[in-house]
Structures are given as C-alpha cells and as structure tokens.
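Here is the structure we will look at, set down as structure tokens.
Each value in this text was obtained by applying a stated rule to the coordinates, not by laboratory testing. Since the structure is predicted, the reported quantities are computational estimates derived from the model, not experimental observations. In this analysis, Cβ positions are derived from the backbone assuming ideal geometry, glycine residues included, and neighbour counts consider all displayed protein chains.
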C-alpha cells in the first residue's frame, strides 16, 4: 500500500514537469522523528518537507538537522500568481523569503512581504522595520518581483488571515515569540492553518531549531 501511494506521488511530480533525480523509499523505525532525522542525515538533505498533519510536528522538527517546511495539504495551483510572506524579522524570516522566492520563480508569481505593527511606534522604529523588510526583499531571487508593506493593527493573526484571502499561498517563518507563536505551535496551529485562505507553508531554519 505504501509503495503504491509513493508511486502515485512520483507520477504526480513527473506530470508537473520535474525531470530531476527522484526516488521513492519506504522506511520503518521505532519513532517518526528518528526515521526522518536518520534519513535526512543519510541523504545530506537541505530540506525536509512535511505535512502539517504530521504527528508531534514540533518534536519532529527539533530532531531534524536541516531546514524544514511544513505544508498544509492544499495543492498549489499552476495558476499561482501571488504569494504572501508575513514577516516579523524573526530567525526564520529569511528562509520564508527563500522558499517564497523559489515558488515564485517556478510559478511566475510575485511576493508580498507583509509586516504588521501591533502598537504605536516611533518614526525611528518604523524606519528600522522598513529597513528589515527592504533587506529581506534583497534575499529573494533577482528575477522575482517583491513588494513590501507595513500595516498597523493590534490583531496580527486576524490581519494575516484577512490578507491571505487575496493571495494564492501564504508562507510563514515559524515564530518564536508573540501572539502568532501560540498559533504556530501546538493545538492552535491548526486553527491558524484552517483560517488562512489557500495553501499554507510554515518554515523552520535549521540554525534556529
């Protein structure tokens, strides 16, 4: 059964135009995190892609020695043209931009880097945040169109959910503090992923696991 499902996945990937090296392997082990960490090390993986439905996702992420992308199982359409990347300047933001850039390049899409300010800020602090956005935009592929925007709203999560309705995909750098962090880990992560419109990717930078 598992081999049959993997064969179907391989066929789907090929049908979508990928013609690079690709293999399907079924593995067993005592725990999921040990299987994935061993496999990632064996293949010297740069990325491990997991579904958001992966059991004990946070524990699994902590055990893997490479960057991780968690994907809510909504298919990205070939008509993907706009990608939302909410950023807070956290340790995973650069990876979120890199992943968004790769997807944008593949689909011919553009990226919106969005930062939400929860409270009143001084002109100096706002300028600093604008500078963070500008520097993050520079990390995207030069062939990809990147826009930046700052919104003022006390409800960060609600704002992201509302904004996501205008985009084909949302990519979130796994937060480490603040209100959004409580939605990104544990049981509340499902609430955020269910509320955001369209496919949702959450990324973890290995250097900050």
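Tabulated data for the structure shown
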{"read-out": "Simple spin-label estimate for residue 154 and residue 123 in nanometres, 7 Å along Cα-Cβ", "value": "2.6 nm"}
{"read-out": "Order by protection proxy (mean Cβ within 10 Å, highest first), peptides 58-67, 145-154", "value": "58-67, 145-154"}
{"read-out": "Chain lengthening between residue 102 and residue 166 when straightened (0.36 nm per residue, less Cα-Cα)", "value": "21.0 nm"}
{"read-out": "The chain, relative contact order [Cα under 8 Å, separation at least 6], %", "value": "24 percent"}
{"read-out": "Projected area, mean over directions - the chain, Cα convex hull, nm²", "value": "12.1 nm²"}
{"read-out": "Cα-based helix-to-principal-axis angle, 123-138 vs the chain, degrees rounded to 10", "value": "30 degrees"}
{"read-out": "Principal-axis tilt of helix 2-15 within the chain, Cα atoms, nearest 10 degrees", "value": "60 degrees"}
{"read-out": "Most to least packed among 106-118, 30-42 [average Cβ atoms within 10 Å]", "value": "106-118, 30-42"}
{"read-out": "Angle between the chain longest axis and helix 93-107 axis [Cα atoms, degrees, rounded to 10]", "value": "70 degrees"}
{"read-out": "Among beta bridges that DSSP assigns inside the chain, antiparallel share in %, nearest 5", "value": "15 percent"}
